[in-house]
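Just below is one structure, and these are the notes that go with it.
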Amino acid sequence: MFPSRELGRSGLLVKPIALGGNVFGWSADEKTSFALLDAFVDAGFNLIDSADVYSAWVPGNHGGESEAIIGRWLTRSGKRDQVVIATKVGKWAEQPGLSPDNIAAALEGSLRRLQTEAIDLYQAHEDDEATPLEATLGAFSRVIEAGKVRAIGASNYSAPRLRDALQVSAQYRLPRYETLQPEYNLYDRAGYESELEPLAREHGLGVISYYALASGFLSGKYRTAADAGKSRARGKRVVERYLNPRGLRIVQALDDVAASHRATPAQIALAWLIARPGLSAPIVSATSVEQLHELIAAARVALSAQQIAQLDLASAGQD
């Protein structure tokens, strides 16, 4: 139904939207999470993104809840062969960093919770400058050789450190990071576009962006200060960060383009990402099947060059 995109040179083929597992065991209970996973795969998509730390920040949670829910769903649904499972290591306080010992131990925990023999994409959740890159990449090499991981990726790396990692991989003939997971959306552009995007395109890396809707701001949900009350968890932060002349200009442009497609602002914001050269799949999170269906419908929206230019112009500059 949707064209596949290869993640770097990994051989992993994914559809143009990824499902974020950060809400599993948090704002989506297990029953809802199962329904979201079924709906996502049944709609023709396949990339599911999680992390060992999800969702340790929730009172009563320890970490690993998201992976465990995905694992139980995989066993119940029998859909393991239909999905690409991505998870991360390095940011969980229980198993922090990218030392070889921690990677080996954390991987075993993720495999156990996910109830799978191999993880398709195993990502360094954040840089660990205390561990030499060759040690981290050597550890990833060993788990790939053992058949427990198919490919590796980097999340939240700076451009200089990502370039260094790619050079170390080439120098020592170690597996390279095939993907990059940066924060990137129509509002938050400079951090990715200035250095990371040229580097990713130069080396043919897959890019899986998070915060695709700027914590919900690009859905048009927040238009006045009073709208902060629409989300107890993040409304105040969203309004403080994004509700300014530039943010409102972007929302107006999303409204205008959405009207011509009979779409929603969120769908247009995602379609803009999908159309970005070199970007493999933005991550979306949902807490209901209805919300998920709205978001993944963005893959059917084809923006014209003029509409992309209109959105680019509205989001030009930084506040």
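The values are calculated or read from the model by the stated rules, or taken from the named source; none is laboratory data. The shown structure was predicted, so the numbers you read here are calculated from the model rather than taken from an experiment. A quick note on method: Cβ atoms are made from the backbone with ideal geometry, for glycine too, and the neighbour counts reach across all protein chains shown. Side chains included, ligands, DNA and RNA excluded: accessible areas come from the protein's heavy atoms. Shrake-Rupley method; radii C 1.70, N 1.55, O 1.52, S 1.80 Å.
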At what distance in angstrom do the alpha carbon centres of the stretch 121-198 and the stretch 1-40 lie from each other? 21 Å
Counting only helical runs of four or more DSSP H residues, what would the 222 nm mean residue ellipticity of the chain come to if each run contributes -39,500 (n - 2.57) and the total is spread over all its residues? -12500 deg cm²/dmol
Report for the chain the percent antiparallel among DSSP-assigned beta bridges with both residues inside it, nearest 5. 5 percent
Got a sec? Charge dipole of the chain, +1 on Cβ for Lys and Arg, -1 for Asp and Glu; which of Leu213, Ala259, Asn185 is way out at the positive end? Ala259
With only Lys, Arg, Asp and Glu charged, each at its Cβ (+1 for the first two, -1 for the last two), find how big the charge dipole of the stretch 32-99 is about the Cα centre; round to the nearest 20 debye. 60 debye
Phi angles of the stretch 64-77, converted by Karplus (6.51 cos²θ - 1.76 cosθ + 1.60, θ = phi - 60°) into ³J(HN,Hα) in whole Hz with x for Gly and Pro, give x, 5, 4, 4, 5, 5, 4, x, 5, 5, 4, 5, 6, 7
List the residues whose amide H sits under 5 Å from the amide H of Gln123, counting only those 5 or more places along or on another chain, with H placed 1.01 Å from N in the peptide plane. Thr87, Lys88, Val89, Gly153
With a 1.4 Å probe and every protein chain kept in, tell me what percent of the accessible surface of the stretch 81-160 is carbon plus sulfur. 46 percent
Over all pairs of different Cα atoms in the chain, the reciprocal of the mean inverse distance gives a Kirkwood radius in Å of 19.9 Å
Residue-normalised accessible area of the chain, expressed per residue, 1.4 Å probe, Å²: 42 Å²
Karplus ³J(HN,Hα) for the stretch 156-166 (6.51 cos²θ - 1.76 cosθ + 1.60, θ = phi - 60°; Hz, whole; x = Gly/Pro) runs 6, 8, 6, 4, x, 6, 5, 4, 4, 4, 5
Quick one: if you stick a label point 7 Å off each Cα along the C-beta vector at Ala305 and Glu117, how many nm between them? 4.9 nm
Which value, in debye to the nearest 20, describes the size of the charge dipole of the stretch 137-231 about its Cα centre when Lys and Arg Cβ atoms bear +1, Asp and Glu Cβ atoms bear -1, and nothing else is charged? 280 debye
Projecting the Cα atoms of Ser155, Val289, Leu137 onto the charge dipole of the chain, where Lys and Arg contribute +1 and Asp and Glu -1 at Cβ, the residue farthest towards the positive end is Val289
Rounded to the nearest 20 Debye, what is the dipole magnitude of the stretch 141-186 about its Cα centre when Lys and Arg each give +1 and Asp and Glu each give -1 at the C-beta? 180 debye
Mind checking the alpha-carbon convex hull of the stretch 180-307 and giving the volume per residue in Å³? 113 Å³
May I ask for the distance between the Cα centers of the stretch 55-69 and the stretch 88-104, given as a whole number of Å? 16 Å
